[in-house]
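To start, the structure under review is shown below, and the notes come after it.
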Amino acid sequence: MARVTNAAVAVRVARLLEEEITSSGGKPGDFIGRRQELAARFSVAPATLGEAIQLLRSRGVVDAKPGPGGGIFVADRSPFMRLSDQLLSLREGQATVADCLRVLDALDAPVLHDAVDFATEADVEDVRLLAERLEASWGTPRSAAANWALHARIAQITPNELLRSLYTNLVDYIIEEELEGATAPTTAERLRTHLDFAAAIVSHDHDLATSALERHRGSSMAAVLP
């Protein structure tokens, strides 16, 4: 029986919310709901709903406002962010995970080098923690989700809105399509490559980033997951 991870459920909830906003013609500032109400409506845990909201916030789809009168609202989306609408249609087309991996392979270099250049202290701390989580879970069923979480967090650092939106949407798609019952490769070399991605960001080291990218390039096409 296929295993449905929390990450995959969060991606599905994010997709459903985004489809609702698009189909209803939601305008910037329109109220979507409060977190408790949305968690109940989608029958998910608050933490899973929180992951879905974070995915949508990172793509500029929604805003989250705390306190009285707060909740989740439609964000003022830029033209670049509307690309996510087109990427959502992949689920109804003929795009395969292999297609997505080929595109991600091409985007890895600008994403990683941007992260090396622009990572803040908060970004560095997040990447460090995600790398530790990946190392701790390597070789277990949790490693696939941890691996993709690291990739997505690195992509969120780039100031290039178009690059960020393309990359994170493709990662979301692969999570939904492949994490169910899939396992990540467990070689020590593969783990070292991903840990070097993180180390390059932490130390702002472009040479290490280039070395890690050379080891990583093409290998995602030889495996189910990067």
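The values are calculated or read from the model by the stated rules, or taken from the named source; none is laboratory data. Since we're looking at a predicted model, the values are computed, not measured. Heads up, the Cβs are rebuilt from the backbone with ideal geometry, glycines too, and the neighbour counts pull from every protein chain shown. Please note that ligands, DNA and RNA were not included when accessible areas were found on the heavy atoms of the full protein model with its side chains. Shrake-Rupley method; radii C 1.70, N 1.55, O 1.52, S 1.80 Å.
Values computed for the structure shown
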read-out: Prolate/oblate/rounded call for segment 97-173, Cα gyration tensor, a/c under 1.5 rounded; value: oblate
read-out: Evaluated over segment 6-51, the Cα radius of gyration and Dmax, each in Å; value: 10.7, 29
read-out: Largest-first ordering by accessible area, 1.4 Å probe, given options S24, S143; value: S24, S143
read-out: Inter-label distance for D99 and E189, nm, one decimal - labels placed 7 Å from Cα along Cα-to-Cβ; value: 3.1
read-out: Residues listed by number, segment 50-64, amide nitrogen under 12 Å from E20 label point at 7 Å toward C-beta; value: 53
read-out: Pair E37, N6: separation of 7 Å Cα→Cβ label points (nm); value: 2.5
